[in-house]
Amino acid sequence: MIVRDYSKTLTATLLTLCGLAIVASCVLGPTPIKVESIIAALFGGGDASTHLIIWQIRLPRAIAGLGVGLALGASGAALQGLLRNPLAEPGVLGVSATASLFATFTIYWGLVELSPWVLPGAAIVGALLATALLAFIAPRISSVVTLVLVGVGLSSFSGALMSLMINLAPNPFSLSDMMNWMLGSLANRSFDDLGFVAPFWLVGLAILIMAGPGLRALALGEEAASAVGLHVGRARTLVVLGAGLVTGASVAVAGAVGFVGIVAPHLVRPLVGHDPAKAIIPSALLGGLILILADGVARVMPTDQELKLGVVAALVGAPLFIMIAAGRRNLEAHT
């Protein structure tokens, strides 16, 4: 059977579409602005009000969507390669839930009033702690199943504690803030927010790309990978560390957003010859494109309140997840 690899063409196409999506996102908003005025503002021209709207409100939001999507798509592709399971995603190891727990903790105790950096900082600290635990465990276990079970335990425990805080919320305002943040949103994001998490995104993505060749070897199975000289524990640790860094940073920016890490790699994989190393970058770009478009849908829906990004992502992603799961079950039934 001939395996076709369109990775270079796919990457170039997705880069172009992401650029166009960012411009389109700058068009969307309650204040109508002509495309030519937006393009002028992007290059430093245009009137002062248009420049302010684009550079302080719409462009940071679009780039935040791109960054979160890049992180979730790349980490989803890497985790699916590591676990050899198309249903794996960044939340599978409990890093997303732990980051969400720490962020919710700052809202519950009112610590967010101390500084605008408290909540994103807490989310990243939570992700790093979970990642440190998983990175410590990864080289010391012989099976990824054990790693997944640890992640399920982390996720369940963090979810229980978040539910407890919601149940015991001291006032309606704290409850509302926790619920709104947990639903995921890119509203009111600034370049300062992006600058805070960008180093975590960049380092994490670099680690995931470095782990690509190891994922290609792991596609043959852990025993075969070890036979060709791969240090399986080190490869596993790289993926866990990279996924933890980018996921924590994404939670810090957008809150809880699911399904992108499952859907983007699933759509990309057949176009890159099912090569887990070549799937990382296109999956990241497709994840960014999906989130920019999902945020655009959330902004233009005719509702009294703006839909949350996590809600839109779940409405689109959940049916696709069911289709992927059903297709995998049918495939296994015939093999």
Item to check | Ranked packing of 102-111, 183-192, most packed first, by mean Cβ within 10 Å | outcome: 102-111, 183-192
Checklist entry - How far is the Cα center of region 127-151 from the Cα center of region 190-267, in Å? => result 14 Å
Checklist entry - For the pair Thr31 and Asn180, how long in nm is the line joining their label points, each one 7 Å along Cα→Cβ? => result 2.1 nm
Checklist entry - Rounded to the nearest 500 deg cm²/dmol, what is the calculated helix-only ellipticity per residue at 222 nm for the chain, with -39500 (n - 2.57) per DSSP H run of length n ≥ 4? => result -24000 deg cm²/dmol
Checklist outcome for this item: Two pseudo-spin positions, 7 Å from Cα along C-beta at Ala318 and at Glu306, lie apart in nanometres by 2.3 nm
Next on the checklist: Would any residue of region 196-233 have its amide N under 15 Å from a label point 7 Å out along Cα→Cβ of Trp117? List them or say none.
Outcome noted: 196-200
Checklist outcome for this item: For Ile22 the rounded accessible area (nearest 10 Å², probe 1.4 Å, non-protein molecules ignored) is 30 Å²
Item to check | Efficiency of FRET between Leu15 and Asn171 - r from beta-carbon atoms, R0 35 angstrom, step 0.05 | outcome: 0.15
Checklist entry - If you stretched the chain out fully between Leu149 and Leu42, how much longer would it get, using 0.36 nm times the residue separation minus the C-alpha to C-alpha distance? => result 33.8 nm
Item to check | Förster radius 41 Å - calculated FRET efficiency between Met210 and Ala187, Cβ distance, rounded to 0.05 | outcome: 0.75
Item to check | region 134-236, relative contact order in percent, only Cα pairs under 8 angstrom and at least six apart counted | outcome: 29 percent
Next on the checklist: Out of the total accessible area of the chain (probe 1.4 Å, heavy atoms of protein only), what percent is carbon and sulfur?
Outcome noted: 69 percent
Checklist entry - What are the aspartates and glutamates whose alpha-carbon lies under 15 Å from the alpha-carbon of Lys278, with same-chain residues fewer than 8 places away excluded? => result Asp5
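The values are calculated or read from the model by the stated rules, or taken from the named source; none is laboratory data. Bear in mind that the values here come from a model prediction, so they are computed numbers and not experimental data. Ideal geometry is used to build each Cβ from the backbone, glycine not excepted, and the neighbour counts take in all protein chains shown. In case anyone asks, the SASA skips ligands and DNA or RNA and just uses the protein heavy atoms, side chains included. Shrake-Rupley method; radii C 1.70, N 1.55, O 1.52, S 1.80 Å.
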